[in-house]
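Take a look at the structure set out below.
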Amino acid sequence: MMNVRKVLKGLMASAVLVGIASCGGGGGEGDGSSGGVLAPPPTGLQPTLASIQDNVFTVACATSGCHAGVSANFGLRLDPGFSYGTLINVPSPRDANLIRVVPGNPDASFLIQKLNGSQTLGERMPDGGPYLTTETVAVIRQWIADGALP
């Protein structure tokens, strides 16, 4: 039983790493669409920026070639200490009508559209998957609905 758990845990980690590695191709707000599987929801995820940062942004978004560092795609830095300032009330550089996060309004937030695949511009995120589960996106929606506090 212990070996089965280790194998399953290794397979889940590999799936997450494959999805993260595929991020570099799309840039976050590109053209086209990509397929992918769902990433397992993080345990203990709470609707706070700190929890979302630790369990989602840092793990699935703030990776080399994606949304980390000074060369982050489309200026969207999701690495610790930068995500709030590049998300809240910031328009997409490709369409100023698309605001990345509108505090109190998850349905108007481009971030939610990109995470659930309902966006009208670019691909679903994370680019190529594994995509976030409905439960994970719901926690991010709740954080935004609660005012997207820092």
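The values are calculated or read from the model by the stated rules, or taken from the named source; none is laboratory data. Only a predicted model underlies this, so the values are computations on that prediction, with no experimental measurement involved. With ideal geometry, Cβ positions are generated from the backbone for all residues, glycine too; neighbour counts draw on all protein chains shown. For accessibility, only protein heavy atoms count, side chains too; no ligands or nucleic acids. Shrake-Rupley method; radii C 1.70, N 1.55, O 1.52, S 1.80 Å.
Values computed for the structure shown
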quantity: Checklist (1) modelled with pLDDT under 95; (2) part of a loop (DSSP other than H, G, I, E, B); (3) open to solvent by 40 Å² or more (accessible area, probe 1.4 Å) applied to T63, failing item; calculated: (3)
quantity: Subset of the stretch 107-117 (residues that are in a loop (DSSP other than H, G, I, E, B) and charged (D, E, K, R)); calculated: none
quantity: Cross-chain or 6+ apart pairs with Cβ under 6 Å, the stretch 131-150 first and assigned to a loop (DSSP other than H, G, I, E, B) and of a type in the set (A, V, I, L, M), then surrounded by 13 or more Cβ atoms within 10 Å (Cβ to Cβ) and modelled with pLDDT of 95 or more; calculated: L132/L115; A148/I88; A148/V101; A148/P103
quantity: Qualifying position, being more than 19 Å from T58 (Cβ to Cβ) and modelled with pLDDT of 95 or more, among D79, D107; calculated: D107
quantity: Test: residue in the stretch 118-130 that is more than 21 Å from L45 (Cβ to Cβ), out of contact with any Ser or Thr (no Cβ under 9 Å at 6 or more places or on another chain), open to solvent by 20 Å² or more (accessible area, probe 1.4 Å) and part of a helix (DSSP H, G or I); calculated: no
quantity: Residue tally, condition open to solvent by 30 Å² or more (accessible area, probe 1.4 Å) and out of contact with any helix residue (DSSP H, G or I) (no Cβ under 9 Å at 6 or more places or on another chain), over the stretch 85-107; calculated: 4
quantity: Any hit, the stretch 35-54, residues being hydrophobic (A, V, I, L, M, F, W, C), surrounded by fewer than 17 Cβ atoms within 10 Å (Cβ to Cβ) and touching a Pro at 6+ places or on another chain (Cβ under 7 Å); calculated: yes
